[in-house]
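What follows is a single structure, written as structure tokens, with notes after it.
Every number in this text was worked out from the coordinates using simple rules, so none of it is lab data. Source: prediction; values computed, not measured. Neighbour counts are summed over all protein chains in view; Cβ atoms, including those assigned to glycine, are modelled from backbone coordinates with ideal geometry.
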Amino acid sequence: MKTPTNIKSINSLRGSCLTLLAAVSLVFAPQPATAKDQVPFHAAFNTVFENTVNFPIISVHVTGDGEARHLGRTAVETTDQVVNLLTGAATATYHLTAANGAEVVAELDFVALQTPTGFTFTGTWEITGGTGRFTNASGSGTIEGRADFTGPTSGVGQFTMIGTISSPGSLK
């Protein structure tokens with residue numbers, strides 16, 4: 001009669017050990033990375049622009065290139081930048097395209113201040129999308145730059161973006 005009790009005890013102990021082992025393996029198992037895995041991001045661009053004015057709004061088309069961390073050599077473009085000349089409030093959607101075609105899309109909100117030769121601007125950006133290895137990317141940060149007129153409706157500029165972006169490797 002002692003044998004069945006010992007078998008029950010061994011089976012119960014074995015079941016408890018298996019449950020404990022499963023719980024421990026879940027705790028220490030590698031977790032899939034998500035778009036929440038943020039890494040530092042820095043980009044610097046040289047740009048050219050053309051604009052049209054429908055007072056008090058100036059619409060600006062910007063193209064340029066530069067270097068962006070995690071993208072390398074990068075082309076940049078916006079076709080929807082608008083600035084209110086009375087308040088300085090500005091918005092734009094920028095497309096940052098890496099040499100391999102992968103793209104990051106960032107929404108910018110900033111304030112432009114007039115200077116004798118153009119504008120300086122500061123504000124924030126937030127990543128709203130991407131393609132390739134940046135599909136479902138996220139991130140945000142600050143923007144700072146300047147734009148100087150070289151003609152009545154055109155000019156040159158530069159800006160930097162500093163913040164964080166989801167690690168490209170975490171999006172796989």
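Some points to look at:
- Residue by residue, the range 95-102 carries 3J(HN,Hα) couplings of 10, 9, 10, 6, 4, 7, x, 5 Hz when phi is fed to the Karplus relation 6.51 cos²θ - 1.76 cosθ + 1.60 (θ = phi - 60°); x denotes Gly or Pro.
- If R0 is taken as 25 Å, the Cβ-Cβ distance between Asn100 and Thr63 corresponds to a FRET efficiency of 0.85.
- Taking amide H as placed 1.01 Å from N in the peptide plane, Asp65 has its amide H under 5 Å from the amide H of Asn46, Val76, each at least 5 places away in sequence or on another chain.
- Applied to the range 135-151, the Karplus parametrisation 6.51 cos²θ - 1.76 cosθ + 1.60 on θ = phi - 60° returns per-residue 3J(HN,Hα) values of 4, 6, 5, 9, x, 6, x, 10, 10, 8, x, 8, 9, 10, 6, 10, x Hz, with x for Gly and Pro.
- Here the relative contact order of the range 57-118, from alpha carbon pairs under 8 Å that lie six or more residues apart, stands at 27 percent.
- Residues whose amide H lies under 5 Å from that of Thr128, counting only those 5 or more places away or on a different chain, are Val105, Ala106, Glu107; hydrogens are built 1.01 Å from N in the peptide plane.
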